[in-house]
Structure formats: structure tokens, C-alpha cells
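Undergrad: One structure coming up, written as C-alpha cells, with questions to follow.
The values are calculated or read from the model by the stated rules, or taken from the named source; none is laboratory data. Please read these numbers as outputs of a predicted model, since none were measured by experiment. Neighbour counts run over all protein chains shown; Cβ positions are idealised from the backbone, glycine included.
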Amino acid sequence: MGDDGVERTVRQYDSGSKGAWNTDLYHKAIEANTRYEIDGGKWVYETDEHARVVHAEGHLDQVVKELENRSRHGGQQTAAGGADRLRVDHGGHIFATLFGGPGEGINLTAQWSKVNLGAYKALENQWATAIDSGRSVRVEVNLTYPDGLRPSRYDVEYQIGDGPIRSARFSNAPTP
């Protein structure tokens, strides 16, 4: 049972890569009320009754510097958010491929481009700097959905090495 009191089926998978994607982790394959443990538990995702990722955990311990070694799936990025995706959205990774995060849909949401390339990216850059200096980063993300498949907010808690737990909140509501 999750922290939210919901009983979830547990599924364990390995993420895929270019030319060998794991279709069990595609948007259309994600199941409701399920806990996904990916790559030996390095990445954990929990879904709600609408099969939306509402909680994710990651243990960041690597920085993949070469772009060609990052597993990005353009089709899954474009599909993120489905009919609820806005023109200003990107298929934003919950855990960036910079850290080896899965390229499949389970790790992607419709994310306002200014969040994806702005404040969220700045936080990811802090994590990358910490990892490059030999520290690991533990991250938890809680996603809030008013309705549909597009989150309205990302609440992030993270810990760099043995440091304090910090938090950040990202609104996914585009503003003019």
C-alpha cells in the first residue's frame, strides 16, 4: 500500500533504449493503481486510478554527458499529455535522460516549455553538479492533476548526499 493509502499492483521492468524500447512503459500501456519499479528500483513510479503518474522516486548517481547516449523517445515525448497537451508544452521528463532516466512514457508528462527549459532545468543542473562532485541525489516528485492527463503542479523533494531534504514547487500553468 502506498503512502496515500492506495493498494497498488507492483510491476518490475527494465527501461529500454533506442531501437529496443520497453513498450510496457509506453503511455498507452501504463496501468491504473500500479507501482512500477524500473531498472532494479532505481526509478519508481506510482499511478492513480486514471493511470497517471502521481508519485515518482529516483536515485540519481550518473550524468550521461554524450547526447547520443541519452535514451530519448521522440514519439513518447510528443504523446505526453494526449489530448490535454497544450501548444506551449514539451514532453518533459520527470527524471532527465541526463541522469539515465527512462525514455518511455512513464517518465514523461506534458510540461510547460518554460518550466522544462527554465526552473526545472536549473534544478537538474544543480543535481548534475552534485553528481559530478561525487555525491548522489535522491529525488521524489509528486504530481497534481486537476483533471485530464496534464499535471498542474510538480512538488519536488530532493536530498544531495547526506545534506538536508529540500523542496521545490513548479506550477505547470502557462502564464502570458
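Undergrad: I need the full set of residues from region 24-41 which are surrounded by fewer than 13 Cβ atoms within 10 Å (Cβ to Cβ) and touching a residue at least 40 places away in the same chain (Cβ under 8 Å), in order please.
TA: Lys28
Undergrad: Kindly indicate whether any position in region 12-30 is of a type in the set (A, V, I, L, M), at pLDDT 95 or above, touching an Asp or Glu at 6+ places or on another chain (Cβ under 6 Å) and within 21 Å of Gly91 (Cβ to Cβ).
TA: Here is the first cut: in region 12-30, the ones of a type in the set (A, V, I, L, M) are 20, 25, 29-30.
Imposing the further condition that a residue be at pLDDT 95 or above reduces the set to none.
Checked region 12-30: no residue is of a type in the set (A, V, I, L, M), at pLDDT 95 or above, touching an Asp or Glu at 6+ places or on another chain (Cβ under 6 Å) and within 21 Å of Gly91 (Cβ to Cβ).
Undergrad: Can you report the number of residues in region 3-61 which are among the charged types (D, E, K, R) and outside any loop (DSSP other than H, G, I, E, B)?
TA: The qualifying residues number 7.
Undergrad: Quick one: what pairs do we get from region 120-143, first residue closer than 15 Å to Asp61 by Cα and aromatic (Phe, Trp, Tyr), second modelled with pLDDT under 95 and surrounded by 14 or more Cβ atoms within 10 Å (Cβ to Cβ), C-beta under 7 Å, 6+ apart or different chains?
TA: Once the first residue is closer than 15 Å to Asp61 by Cα and aromatic (Phe, Trp, Tyr) and sits in region 120-143, its partners that are modelled with pLDDT under 95 and surrounded by 14 or more Cβ atoms within 10 Å (Cβ to Cβ) give Trp127/Leu60.
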